[in-house]
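The values are calculated or read from the model by the stated rules, or taken from the named source; none is laboratory data. The model shown is predicted, which means the values in this text are computed figures rather than measured ones. Because the Cβ atoms are built from the backbone with ideal geometry, glycine has one as well, and the counts that use them run over all protein chains shown. The area values use the complete protein model at the heavy-atom level, side chains included, leaving out ligands, DNA and RNA. Shrake-Rupley method; radii C 1.70, N 1.55, O 1.52, S 1.80 Å.
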Amino acid sequence: MPIRTLRLALAVAVCATTLMAQSQPPPPRTIAVRAARLVDPKGGTTIANPVVIVEGDKVKAVGANPAVPAGAEVIDLRAATLIPGLIDAHTHVTAQPTDYYEDTFRRSPIDYAVLAHVYAKRTVEAGFTTIRDVGAAEYIDIALKRAIDKGNVLGPRMIPAGLAISSTGGHGDLTGFSPYVRIENMTGVADGVDAIRRLVRTNVKYGADVIKVLAGGGVLSEEENVGGPQFSQQELNALVEEAAMWGRKVAAHAHGAEPIKRAIKAGVASIEHASLIDDDGIRLAKERGTFLVMDVYNDDYILAEYGRMGYPEKIFDKERQVGRLQRENFQKAVRAGAKMAFGTDAGVYPHGWNAKQFAIMVKWGMTPMQAIQAATVNAADLLGWKGRVGELSPGAYADLAAVADDPLADVSTLERVTFVMKGGVVVKGGK
Ligand SMILES: [Zn+2]
């Protein structure tokens, strides 16, 4: 840019900033969003010819015939169906696998950090306006959340966990390599009550809104056993107590029946995966009001795609052990009436594909309305954000999405979101 043009540009920028500083904030914008129908997961009903009145970043009124204030901007989505913005209670939005050895050894946290905003954008454009992000390296999730909240990058509302807490040799440790292989990253490994309490405090210090614990073995790591426990009852009890002291809920990763029961007894808010949950575990979860967050889609993706990404055979063995059983146990838990929230482990498969899980949930026992409720009102309850997200009621955030067809007739239409509004701002589609 020639120096004169640069000076002119700077002068204009300074003028604009001065003007902005002097003027009063404009009155909140009012928008009326119309469509053919609205799925209301809170009431479990559908409203025909709905109008959602949005004022600023909140919903002001919803119904078949609310008065549209004079001067309101009208967005007419005609034949579309409106739904509240969706919630994924289990994502890892800062990363996505490409190749096992490259991801482990050739990419640094900076490589991950520079791409995270791309995945955040894909997620919100898929209609997921809120996510609980349950574990990221180096607090990248918290930096991303701040950038989204400031409006620097586009993405969903985030509840980040920071470092997922693992035992030595557990799912969050680097396993399967020589004892001489060390990666100098921030560690989520803690053993014993004192170290666990310190790590909870460290996560809170750096901005974690939820605490994630790896209570048992995992699939995408080479440790011994996918179903085994990796923390003692005493360690889990201390972790949940410490988190509660700082006002944080706990999400516990657990595939196996034993770590699931330990985590529920310790008082976690949700069991993630819950693949091998037994009848006792389901009963205990119901008794204690613990949510099950069962990621029943990604088995298809892992078995189809991870081979070409160089993942070790052991990981496939583990996936084969849990994939099918997780779906059967999901069905059992649905029939038993356990509390379920939608969570996909997005980041294990490409971001933006979150809604592919709805069809699997319906195939394995949920009604389309139940699946939508899991991703709206139930997930909001789990997050502690009831009334703020997951519903279109006066006072809630104006987070909504639209699809071309009726998701109660064909739930897979949720994979093709045509319009998204977050906090009263259209982020996809529109007129
Ligand atoms: Zn996960």
- [ ] Please report, as a whole percent, how much of the solvent-accessible surface of the chain comes from carbon and sulfur atoms (probe radius 1.4 Å).
- [x] 53
Open item on the list: Not counting ligands, DNA or RNA, and with a 1.4 Å probe, what is residue 175's accessible surface area in Å² rounded to the nearest 10?
Closed with: 20
Task: the chain: antiparallel DSSP beta bridges as a percent of all, rounded to 5 - done: 45
Open item on the list: Please report the accessible area of residue 206 (heavy atoms, 1.4 Å probe, ligands and nucleic acids excluded) in Å², nearest 10.
Closed with: 100
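What is the calculated FRET efficiency for residue 222 to residue 246, with r their C-beta to C-beta distance and R₀ = 41 Å, to the nearest 0.05? Can you show the working numbers first?
Values: r = 33 Å, r/R0 = 0.80.
E between residue 222 and residue 246, to the nearest 0.05, is 0.80.
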Open item on the list: Cut-off 16 Å, label point 7 angstrom out along Cα-to-Cβ of residue 73: give me the residues of the stretch 408-431 whose amide nitrogen falls inside.
Closed with: 419-431
Task: residue 426 paired with residue 180, simple spin-label distance in nm, labels 7 Å along Cα-to-beta-carbon - done: 6.1
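For the chain, what does the accessible surface come to per residue with a 1.4 Å probe? Please give it in Å². The partial results should precede the final answer.
Numbers: 18560 Å² over 431 residues.
For the chain, the per-residue accessible area is 43 Å².
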TODO: Work out how far the C-alpha atoms of the chain reach from end to end along every principal axis, then list the three figures in whole Å, largest first.
DONE: 64, 60, 45
- [ ] Determine which residues of the stretch 326-358 fall in the zone a paramagnetic label at residue 367 would reach in this model, i.e. backbone nitrogen under 19 Å from the point 7 Å along Cα→Cβ.
- [x] 331-342, 358
Open item on the list: I'd like the Karplus ³J(HN,Hα) series for the stretch 216-228: coefficients 6.51, -1.76, 1.60, θ = phi - 60°, whole numbers in Hz, and an x wherever there's a Gly or Pro.
Closed with: x, x, x, 8, 8, 7, 9, 5, 3, 9, 6, x, x
